[in-house]
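What follows is a single structure, written as structure tokens, with notes after it.
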Amino acid sequence: MAAVAPTPGSITLRSMTAADVAVVLELERELFPHDAWPESFFYDELAQAEPALAAERATRRYWVAEATQPQGRGVIVGYAGMMCVLPLADVQTIAVAPAAQGRGLGTRLLAEIEAEAVRRGAEDLLLEVREDNPAAQRLYLRVGFEQIHKRRAYYPDGGDALIMRKHLADPKPSTAANLMGAP
Ligand SMILES: CC(C)(COP(=O)(O)OP(=O)(O)OC[C@H]1O[C@@H](n2cnc3c(N)ncnc32)[C@H](O)[C@@H]1OP(=O)(O)O)[C@@H](O)C(=O)NCCC(=O)NCCS
């Protein structure tokens, strides 16, 4: 599966479903050797996401990136998830198969998360990243995240986490008009 090296144009993003979890889990274990999510995490998250829940009740949104093979078969080469409980949104996870890395897919998945967070009205988008993961940090810095905290020994193997934030929108100004409930 990870031997696929698709061109960015041949990859489509769609909502992750429970049927994708087995393949996603293989990638998860390969890409996060120190702190892979257990299978149950994915099912728990998807239970709080569309389409399991109606859009207005879903606090999560998960995507898979699927590369179309010449035979027409789709192969999952990346995935990402977001939580949004206003006023904040969080990058829950983001991952790209090794053979598909360095071609803009991570940037595209992150842009999808950000667009969804903006659509839902989030003011800030937050994430955690291992301090010893410079590739991911470069991606986040490049698209406008800044480090706001460090959590020591956050990960099960004792690794530190950097907390990063991207400000998405200015809070609505409290003008005299909206304080008085004017339309
Ligand atoms: C972090 C991760 C998601 C990035 O995914 P990616 O698809 O490689 O990301 P991109 O291709 O968008 O960006 C990576 C680099 O490729 C470069 N790139 C993007 N499109 C490119 C293209 N068409 N041609 C050449 N290089 C390109 C980017 O400029 C970027 O360079 P940088 O090193 O200066 O940041 C991926 O490395 C990954 O899954 N890592 C393991 C899991 C992980 O750590 N997840 C993050 C947890 S916080």
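The values are calculated or read from the model by the stated rules, or taken from the named source; none is laboratory data. From a predicted model like this one, the values you see are computed outputs, not experimental measurements. Virtual Cβ from ideal backbone geometry, glycine too; neighbours counted across all protein chains shown. Each accessible area value is taken on the protein alone, full model and side chains, heavy atoms only, with ligands, DNA and RNA left out. Shrake-Rupley method; radii C 1.70, N 1.55, O 1.52, S 1.80 Å.
From (1) in a strand (DSSP E or B); (2) at pLDDT below 95, pick out the condition that doesn't hold for residue 163.
Residue 163 satisfies all of (1) in a strand (DSSP E or B); (2) at pLDDT below 95 except (2).
Please pick out the residue among 5, 54, 19, 49 that is at pLDDT 95 or above and open to solvent by less than 70 Å² (accessible area, probe 1.4 Å). Reasoning before the result, please.
On the way: 5 fails: at pLDDT 95 or above; 54 fails: at pLDDT 95 or above; 19 fails: open to solvent by less than 70 Å² (accessible area, probe 1.4 Å).
Unique residue meeting the criteria: 49.
Look at residue 44 and say whether it is closer than 23 Å to residue 162 by Cα, surrounded by fewer than 17 Cβ atoms within 10 Å (Cβ to Cβ) and modelled with pLDDT of 95 or more.
Working: closer than 23 Å to residue 162 by Cα: no; surrounded by fewer than 17 Cβ atoms within 10 Å (Cβ to Cβ): yes; modelled with pLDDT of 95 or more: yes.
Against the criterion (closer than 23 Å to residue 162 by Cα, surrounded by fewer than 17 Cβ atoms within 10 Å (Cβ to Cβ) and modelled with pLDDT of 95 or more), residue 44 does not qualify.
For the subset of region 95-104 comprising residues that are surrounded by fewer than 17 Cβ atoms within 10 Å (Cβ to Cβ) and more than 6 Å from the ligand (Cβ to nearest atom), which member is nearest to residue 27 (Cα to Cα)?
Among those that are surrounded by fewer than 17 Cβ atoms within 10 Å (Cβ to Cβ) and more than 6 Å from the ligand (Cβ to nearest atom), it is 98.
When residues of region 137-170 are filtered for being surrounded by fewer than 17 Cβ atoms within 10 Å (Cβ to Cβ) and among the hydrophobic types (A, V, I, L, M, F, W, C), how many remain?
Counting residues in region 137-170 that are surrounded by fewer than 17 Cβ atoms within 10 Å (Cβ to Cβ) and among the hydrophobic types (A, V, I, L, M, F, W, C) gives 6.
If I ask for residues that are within 19 Å of residue 22 (Cβ to Cβ) and either among the β-branched types (Val, Ile, Thr) or touching a Leu at 6+ places or on another chain (Cβ under 8 Å) (or both), which ones from region 39-59 would you list?
Selection gives 39, 42, 47, 52.
For region 105-121, give me the residue count where each residue is under 22 Å from residue 135 (Cβ atoms), open to solvent by less than 60 Å² (accessible area, probe 1.4 Å) and touching a strand residue (DSSP E or B) at 6+ places or on another chain (Cβ under 9 Å). Write out each step before concluding.
Of region 105-121, the ones under 22 Å from residue 135 (Cβ atoms) are 105-114.
Now restrict to residues that are open to solvent by less than 60 Å² (accessible area, probe 1.4 Å): 105-107, 109-111, 113-114.
Now narrow it down to the ones that are touching a strand residue (DSSP E or B) at 6+ places or on another chain (Cβ under 9 Å): 105-106, 109-110, 113-114.
Here the count works out to 6.
Taking the criterion of being more than 16 Å from residue 62 (Cα to Cα) and at pLDDT below 95, would at least one residue in region 138-147 satisfy it? Spell out how you get there, then give the answer.
First, the residues of region 138-147 that are more than 16 Å from residue 62 (Cα to Cα): 138-147.
Still in the list and also at pLDDT below 95: none.
No, region 138-147 contains no residue that is more than 16 Å from residue 62 (Cα to Cα) and at pLDDT below 95.
Please enumerate the residues belonging to region 122-135 that are surrounded by fewer than 16 Cβ atoms within 10 Å (Cβ to Cβ) and of a type in the set (A, V, I, L, M, F, W, C).
135
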